[in-house]
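A quick write-up on the structure given underneath.
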Amino acid sequence: MSKRRLDMDDGKDIKPKKKFDIVPDGTPLPPPDFSAPASVPAPDLRQPMMSRNPLTGQAYSQRYYEILKKRFGLPVYEHKANFMEVLAKNQFLVLVGETGSGKTTQIPQWCVEFVRANPEPNKKRGVACTQPRRVAAMSVAQRVSEEMDVQLGQEVGYSIRFEDCSGPRTLMKYMTDGMLLREGMSDPLLDNYGIIVLDEAHERTLSTDILMGLLKEVAKQRPTLKIVIMSATLDAGKFQDYFEKAPLIMVPGRTYPVEIFYTPEPEKDYLEAAIRTVIQIHMCEETEGDILLFLTGQEEIDDACRRIKKEVDNLGQEIGELKCIPLYSTLPPNMQQRIFESAPAKRANGAIGRKCVVSTNIAETSLTIDGVVYVIDPGFAKQKVYNPRIRVESLLVSPISKASAQQRAGRAGRTRPGKCFRLYTEKAYKSEMQEQTYPEILRSNLGSVVLQLKKLGIDDLVHFDFMDPPAPETLMRALELLNYLGALDDEGELTQLGQMMAEFPLDPQLAKMVIASCDYNCSNEILSITAMLSVPQCFVRPGEVRKQADEARMRFAHVDGDHLTLLNVYHAFKQCQENQGWCFDNFVNYRTMKNADNVREQLVRIMDRFNLPKLSTDFSSRDYYINIRKALISGFFMQVAHLERSGHYLTVKDNQVVQLHPSTTLDHKPEWVVYNEFVLTTKNYIRTCTDVKPEWLLQLSPQYYDMKNFPECEGKRQLVQIKSKLDSSQYRRGF
Ligand code: ADP
Ligand code: MG
């Protein structure tokens with residue numbers, strides 16, 4: 001095996017220093033497919049070239065033709081005739097194609113052609129294409145509206161949680177898989193669609209898995225409905241088998257060999273190693289080409305972008321310009337589009353300019369970034385894990401699978417031969433990484449899903465045709481949670497409350513809290529808090545001014561805890577008339593606040609539909625905050641922790657040792673707290689915590705706080721004492 005040295009630079013000295021070796025593993029990706037045409041093929045004459053858009057009746061724009069030329073060059077185009085034929089003859093169809101071959105943007109357009117050419121009497125049916133990620137749904141809808149030369153939101157639209165950008169004219173809707181599942185609740189036969197495309201099926205998200213089971217059922221009842229399953233990886237057999245031996249269309253992509261490099265020793269700090277590698281590639285690689293670095297989340301990505309920029313700036317004008325572009329799901333759409341910008345030009349001294357996209361897993365298959373030649377793969381991603389025993393679901397930075405690593409490497413070979421730098425050892429790849437990522441359904445809390453399935457009329461969960469059935473214990477936990485919340489009765493039937501809860505696009509606990517808040521005279525405030533909990537963290541903490549930012553945050557602090565702090569922020573935002581400057585001055589993210597406001601509005605609409613009143617307790621009353629805190633318990637009584645004498649918290653019943661998350665605005669340790677989230681890192685944290693009273697727990701959820709099935713602990717002893725006091729006072733009052 002040939003060894004190759006790449007010199008690493010620490011950024012302070014232009015002269016590169018050797019930091020680590022990267023060894024090629026000698027097994028590059030498959031050679032390019034020479035059967036694919038190298039140049040743009042002639043336009044497909046089977047498709048008549050029209051000068052007017054049949055959808056709008058308007059003449060096509062210049063831009064339409066420019067994009068069209070590019071579209072004809074995509075690998076899928078050669079398979080169009082075959083696709084249309086197989087689609088016409090079959091109800092199910094599996095299509096596998098390399099990332100970037102044109103699946104997501106082109107196939108749904110062909111489906112639109114198909115439904116328009118084969119109308120059903122008295123039905124106007126469109127095409128739905130599901131995406132696991134909101135970013136992809138929005139970005140692809142934007143692109144396809146341009147390709148079809150229509151306005152986004154008209155003929156082509158998208159629908160994601162809390163945002164529907166579609167209308168009565170919409171024929172082609174990109175949507176998250178979760179949203180299609182939601183549509184199924186009000187329209188069980190999905191009558192709006194003639195064809196449903198499940199994209200990125202290989203990701204096996206929770207919602208895609210449920211959808212597959214559901215669509216199998218719907219397809220039996222609607223013989224004209226067609227289902228297309230698209231995947232970027234080759235294990236199509238499983239999908240074909242599941243969908244009654246569906247035919248397969250393979251689209252070989254134009255992939256070039258990718259040389260793989262490993263670190264000889266494990267990296268202690270992958271972030272630092274990644275930044276070093278970016279700088280090194282930028283300085284030392286002699287061919288043009290952009291860099292794609294995979295990291296795990298927003299904060300890490302923003303941090304990396306800042307650090308890379310600083311290092312490059314320090315190196316001066318000798319080296320080329322490097323444009324760092326972050327990519328993660330909560331980025332605003334116009335920022336996401338930056339990944340399609342071209343790389344900076346060469347400098348006068350010939351130094352190569354590059355763009356460096358620093359992305360989460362989105363760039364693994366969901367979005368294709370053209371021009372990438374160098375991929376840096378530290379081998380980690382944020383993944384959901386669920387432990388049913390202690391009922392904790394958490395996002396954890398964990399090692400990726402081999403399949404993921406291969407996808408990542410493949411991103412380097414889209415336009416010409418590329419290189420992938422794996423920041424882990426070859427041994428780790430071969431012997432430590434698992435083959436495939438486990439489907440999400442095996443790693444999730446199923447509370448929300450079970451509620452939705454019940455609402456969809458699927459009662460027999462045990463016999464539901466899951467592609468991979470979840471663990472029985474996980475299903476039991478979900479049923480138990482929904483029963484405690486009052487969504488399911490003791491027979492497991494959906495209650496009226498459960499029916500209502502399912503209509504809210506929220507976790508069952510939040511939905512319950514919103515509905516129950518009417519009884520506590522504080523639905524206005526609980527709606528605001530719920531909206532704030534449904535958007536990313538609203539406080540910004542830029543590295544350079546972290547101290548000021550933290551001080552600003554503390555100005556919003558409420559003595560009883562974080563939920564009320566969030567309420568303070570929301571109220572302040574409304575009071576200043578949603579002023580952008582105010583947000584900036586107070587280290588509050590303006591866009592997040594606008595989002596929260598939008599979420600709140602949508603929740604209000606659902607409340608109105610059910611005639612749930614919007615109420616507030618008189619602000620001067622001492623019950624104003626007490627009522628809100630009680631309403632929190634009505635949804636989150638299972639997420640409570642007790643402060644032990646030893647100084648740490650213990651979660652109720654599950655007895656997990658936890659600490660208040662450092663971001664809390666609480667300045668003391670209340671004896672009992674309700675928390676919104678369990679965060680697993682090096683320690684167990686509970687995040688977004690509010691002080692509650694033990695007697696409320698006993699009074700508001702006597703079923704859960706039934707001392708008969710409560711493990712022994714300090715908290716229990718206290719609860720038992722309070723309970724006997726309460727009982728005797730009630731007894732006395734009874735006379
Ligand atoms: P696949 O789904 O097979 O991975 P896509 O249909 O998403 O492929 O993308 C095909 C090609 O379309 C990409 O390689 C890229 O060149 C182009 N493309 C997609 N989205 C955009 C966009 N927003 N801007 C410019 N080009 C795009
Ligand atoms: Mg795609």
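Here are the numbers for the structure shown:
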quantity: Residue within the range 520-532 that is touching a residue at least 12 places away in the same chain (Cβ under 8 Å) and surrounded by fewer than 16 Cβ atoms within 10 Å (Cβ to Cβ) present; calculated: no
quantity: Close pairs (7 angstrom Cβ cut-off, 6 or more residues apart or separate chains): charged (D, E, K, R) in the range 696-714, surrounded by 12 or more Cβ atoms within 10 Å (Cβ to Cβ) anywhere; calculated: Glu714/His642; Glu714/Glu644
quantity: Some residue of the range 69-92 being within 12 Å of ligand 1 (Cβ to nearest atom), crowded, with 19+ Cβ neighbours inside 10 Å, outside any helix (DSSP H, G or I) and modelled with pLDDT under 95; calculated: yes
quantity: Members of the range 485-496 that are open to solvent by less than 50 Å² (accessible area, probe 1.4 Å) and either modelled with pLDDT of 95 or more or under 26 Å from the mean Cα position of the chain (by Cα) (or both); calculated: Leu485, Gly486, Ala487, Leu488, Leu494, Thr495
quantity: Yes/no for Leu451 being assigned to a helix (DSSP H, G or I), more than 30 Å from Phe619 (Cα to Cα) and hydrophobic (A, V, I, L, M, F, W, C); calculated: yes
quantity: Test: residue in the range 314-321 that is open to solvent by 70 Å² or more (accessible area, probe 1.4 Å), of a type in the set (S, T, N, Q), at pLDDT 90 or above and not in a helix (DSSP H, G or I); calculated: no
quantity: In the range 233-273, the residues that are under 22 Å from Gly100 (Cβ atoms) and part of a loop (DSSP other than H, G, I, E, B); calculated: Thr233, Leu234, Asp235, Pro252, Gly253, Arg254, Thr255, Tyr256, Pro257
quantity: Phe636 vs. criteria free of Cβ contacts under 8 Å to residues at least 24 places away in the same chain and either more than 28 Å from Tyr484 (Cα to Cα) or open to solvent by less than 60 Å² (accessible area, probe 1.4 Å) (or both); calculated: no
quantity: Flag for Gln280 being at pLDDT 95 or above and open to solvent by 50 Å² or more (accessible area, probe 1.4 Å); calculated: no
quantity: Which numbered condition Ala246 misses (of (1) open to solvent by less than 10 Å² (accessible area, probe 1.4 Å); (2) among the hydrophobic types (A, V, I, L, M, F, W, C); (3) over 19 Å from Trp110 (Cβ atoms)); calculated: (3)
quantity: Long-range neighbours under 6 Å by Cβ, at least six apart or interchain, first residue under 18 Å from Pro417 (Cβ atoms) within the range 267-296, second open to solvent by 20 Å² or more (accessible area, probe 1.4 Å); calculated: Glu288/Ile352; Asp290/Ala343; Asp290/Gly371
quantity: Selection count, the range 218-239, where residues are surrounded by fewer than 17 Cβ atoms within 10 Å (Cβ to Cβ), under 28 Å from the mean Cα position of the chain (by Cα) and more than 16 Å from ligand 1 (Cβ to nearest atom); calculated: 3
quantity: Residue match in the range 162-171 (condition: surrounded by fewer than 20 Cβ atoms within 10 Å (Cβ to Cβ), within 16 Å of ligand 1 (Cβ to nearest atom) and modelled with pLDDT under 95); calculated: no
quantity: So Glu66, is it within 16 Å of ligand 1 (Cβ to nearest atom), more than 21 Å from Leu171 (Cβ to Cβ) and either over 31 Å from the mean Cα position of the chain (by Cα) or surrounded by 16 or more Cβ atoms within 10 Å (Cβ to Cβ) (or both); calculated: yes
quantity: Scope the range 652-680; condition out of contact with any strand residue (DSSP E or B) (no Cβ under 7 Å at 6 or more places or on another chain) and touching a residue at least 60 places away in the same chain (Cβ under 8 Å); matching residues; calculated: Asp654, Thr665, Asp667
quantity: Scan of the range 94-139 for residues that are assigned to a helix (DSSP H, G or I), open to solvent by less than 10 Å² (accessible area, probe 1.4 Å) and more than 14 Å from ligand 1 (Cβ to nearest atom), ordered by number; calculated: Val112
quantity: Single residue of Met179, Met175 found to be within 16 Å of ligand 2 (Cβ to nearest atom), at pLDDT 95 or above and either closer than 25 Å to Leu152 by Cα or out of contact with any strand residue (DSSP E or B) (no Cβ under 9 Å at 6 or more places or on another chain) (or both); calculated: Met175
quantity: Flag for Glu183 being of a type outside the set (Val, Ile, Thr) and either free of Cβ contacts under 8 Å to residues at least 60 places away in the same chain or open to solvent by less than 30 Å² (accessible area, probe 1.4 Å) (or both); calculated: yes
quantity: Any chance Glu712 is under 27 Å from Leu396 (Cα atoms), outside any helix (DSSP H, G or I) and acidic (Asp, Glu); calculated: no
quantity: Cβ pairs under 6 Å, 6+ apart, first in the range 228-257 and polar (S, T, N, Q) and more than 15 Å from ligand 2 (Cβ to nearest atom), second open to solvent by 10 Å² or more (accessible area, probe 1.4 Å) and part of a strand (DSSP E or B); calculated: Gln240/Leu248
quantity: Scope the range 328-378; condition in a helix (DSSP H, G or I) and more than 10 Å from ligand 1 (Cβ to nearest atom); matching residues; calculated: Pro333, Asn334, Met335, Arg338, Ile362, Ala363, Glu364
quantity: Cβ-Cβ under 6 Å pairs, at least 6 apart or on other chains, the range 433-461 side free of Cβ contacts under 8 Å to residues at least 12 places away in the same chain, far side among the basic types (Lys, Arg) and open to solvent by less than 20 Å² (accessible area, probe 1.4 Å); calculated: none
quantity: Residues that are assigned to a helix (DSSP H, G or I), more than 24 Å from the chain's Cα centre (by Cα) and exposed (fewer than 13 other Cβ atoms within 10 Å of the Cβ), drawn from the range 581-628; calculated: Gly581, Phe584, Asp585, Arg605, Asp608, Arg609
quantity: Single residue of the range 340-374 satisfying the filter (touching a strand residue (DSSP E or B) at 6+ places or on another chain (Cβ under 6 Å) and not aliphatic (A, V, I, L, M)) that is farthest from ligand 2 (Cβ to nearest atom); calculated: Pro344
quantity: Number of positions in the range 565-580 that are charged (D, E, K, R) and open to solvent by 50 Å² or more (accessible area, probe 1.4 Å); calculated: 1
quantity: Subset of the range 680-705 (residues that are open to solvent by less than 20 Å² (accessible area, probe 1.4 Å) and farther than 30 Å from Ser728 by Cβ); calculated: Ile686, Cys689
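Each row is one residue, and each column tells you yes or no for (1) in contact with a Cys (Cβ under 6 Å, 6 or more places away or on another chain); (2) within 16 Å of ligand 2 (Cβ to nearest atom); (3) among the aliphatic types (A, V, I, L, M).
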site: Val112; (1), (2), (3): no, no, yes
site: Arg133; (1), (2), (3): no, yes, no
site: Asp164; (1), (2), (3): no, no, no
site: Gly167; (1), (2), (3): no, no, no
site: Thr170; (1), (2), (3): no, no, no
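The values are calculated or read from the model by the stated rules, or taken from the named source; none is laboratory data. Being a predicted model, the structure only gives us computed values, none of them experimental. Because the Cβ atoms are built from the backbone with ideal geometry, glycine has one as well, and the counts that use them run over all protein chains shown. Protein only, heavy atoms only, side chains kept; ligands, DNA and RNA dropped before computing areas. Shrake-Rupley method; radii C 1.70, N 1.55, O 1.52, S 1.80 Å.
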